[in-house]
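Chemist: Starting off with a structure, shown below.
Values in this text are rule-based calculations from the coordinates and carry no lab data. Computed from a prediction, not measured in an experiment: that's the story for all the values here. Every residue, glycine among them, receives a Cβ derived from its backbone with ideal geometry; neighbour counts consider all protein chains shown.
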Amino acid sequence: MHIENLKIFSDLVESHSFSKAAKLNSITQSAVSQQLRAMEKHFSILIIDRSQKQFRLTREGQKLYDSAKEILHGYEKLISELQEMKKVISGNIHISTIYSIGLHELPPYIKRFLQKYRSVNVRVEYRRSNLVYEDILHNSVDLGLVAFPNPMRQLEVIPFRDDELVLICHPDHELAKLGEVTIEELKDCNVIGFDQDIPTRKATDQIFREHNLDLEPVMEFDNIETVKRAVEIDAGVAIVPQATVSQEISQGTINMVALTGGNFTRPLAIIHRKGRVLTPAMRKFIETLTGKPSPPVEKE
């Protein structure tokens, strides 16, 4: 029985999916099934209750999973400590991030990090917010970057920074000549919004409710780039993070107007699975983002 077997088994239990476990470990679904049967034969137990339609561990399978997690945690901790003893900052960091952070906030931090730690490989995936959480909970990635972080028992949440939310409009829009506007001044505007499941959309809806405005977007999109393109053709105005529109502002294709009468910000955070052992490279990356030493990780 090897560490790799326990890793595949752990991924299978946490994802409840043979295909996801196979993808995480770069093997076939058939290989995952074969490893599961080999483990059942090795320990002379049934691991999965095959009488159930849904994925469900037997009592023995649950015990095996709990012990496998302890062994994997100890192994990861050992590797991390050995790297620290050798003062090695190397390896891979796999990040899952929402589009707006990945495209507009993250690049300068990654550039600075890679200039300092040239032996580290950073891989970034751009995802919808709900999929970033799914990636973290299933251990598909090392770190996640989200807006308006959703606290969960299984997650460690590390504040990253706050974005200012601003109004953007076409240069010929009547609001473009104003330096600032109140939320109430949007009551007669066509508003372009994000899809309803996106945290920034939920935040803007809450802002409208707090100011007694009944505004429904005339268009809804799942990413910041499409929202900006709709504003550029004067389809409406939008509330977006300031950091995401710097290029369009400098090119003059969009006007930015400050929002007054409240604290209109978007908190960003780094998330990872609680109890996960962070390698020296991961901790240094978190330090690069936050400017602070990464906090110690508590065991689950």
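Chemist: Name the residue from Val166, Val120, Ser67 whose Cα lies farthest towards the positive end of the charge dipole of the stretch 38-172, charges +1 on Cβ of Lys and Arg and -1 on Cβ of Asp and Glu.
Modeler: Positive-end residue among those listed: Ser67.
Chemist: Next question. Nearest 5 is fine: what % of DSSP beta bridges in the chain come out antiparallel, could you say?
Modeler: Antiparallel bridges make up about 55 percent of those DSSP assigns within the chain.
Chemist: Another question, then. Report the charge-dipole magnitude of the chain in Debye, nearest 20, computed about the Cα centre from +1 at each Lys and Arg Cβ and -1 at each Asp and Glu Cβ.
Modeler: That gives the chain a dipole magnitude of about 1900 debye.
Chemist: Can I ask one more? Over 23 Å between Cα atoms: which of Lys41/Lys63; Lys111/Lys292; Lys69/Lys292; Lys116/Lys292 fall into that group?
Modeler: Lys69/Lys292
Chemist: Please work out the FRET efficiency for the pair Asp49 and Ala235, using the Cβ-Cβ distance as r and a Förster radius of 51 Å; give the result to the nearest 0.05.
Modeler: 0.45
Chemist: Under a point spin-label approximation (7 Å from Cα along Cα-to-Cβ), what is the Asn223-Lys77 distance to one decimal in nm?
Modeler: About 4.0 nm, to one decimal.
Chemist: Using only the alpha-carbon atoms, how far is helix 3-15 inclined from the longest principal axis of the chain? Give it as 0 to 90 degrees, nearest 10.
Modeler: It works out to around 50 degrees.
Chemist: Mind giving me the FRET efficiency for Glu70 and Arg209? R0 is 35 Å, r the Cβ-Cβ distance, nearest 0.05 is fine.
Modeler: 0.15
Chemist: Rounded to a whole number of µm²/s, how large is the Stokes-Einstein D of the stretch 3-84 at 10 °C and 1.306 mPa s, given Rh as the Kirkwood radius over C-alpha pairs?
Modeler: Here the translational diffusion coefficient equals 120 µm²/s.
Chemist: How many nm is it between the label spots at Gln247 and Asn190, if each spot is 7 Å from the Cα in line with the beta carbon?
Modeler: Inter-label distance under the simple model: 2.5 nm.
Chemist: So how far apart, in nm, are the two label points at Lys23 and His94 if each is 7 Å from Cα heading toward Cβ?
Modeler: Inter-label distance under the simple model: 1.1 nm.
Chemist: Assuming R0 = 45 Å, can you tell me the calculated FRET efficiency for the pair Asn5 and Glu216, based on Cβ-Cβ distance, to the nearest 0.05?
Modeler: My answer for the efficiency is 0.30.
Chemist: Same structure, new question: Which percentage, to the nearest 5, of the DSSP beta bridges contained in the stretch 163-266 is antiparallel?
Modeler: Antiparallel bridges make up about 55 percent of those DSSP assigns within the stretch 163-266.
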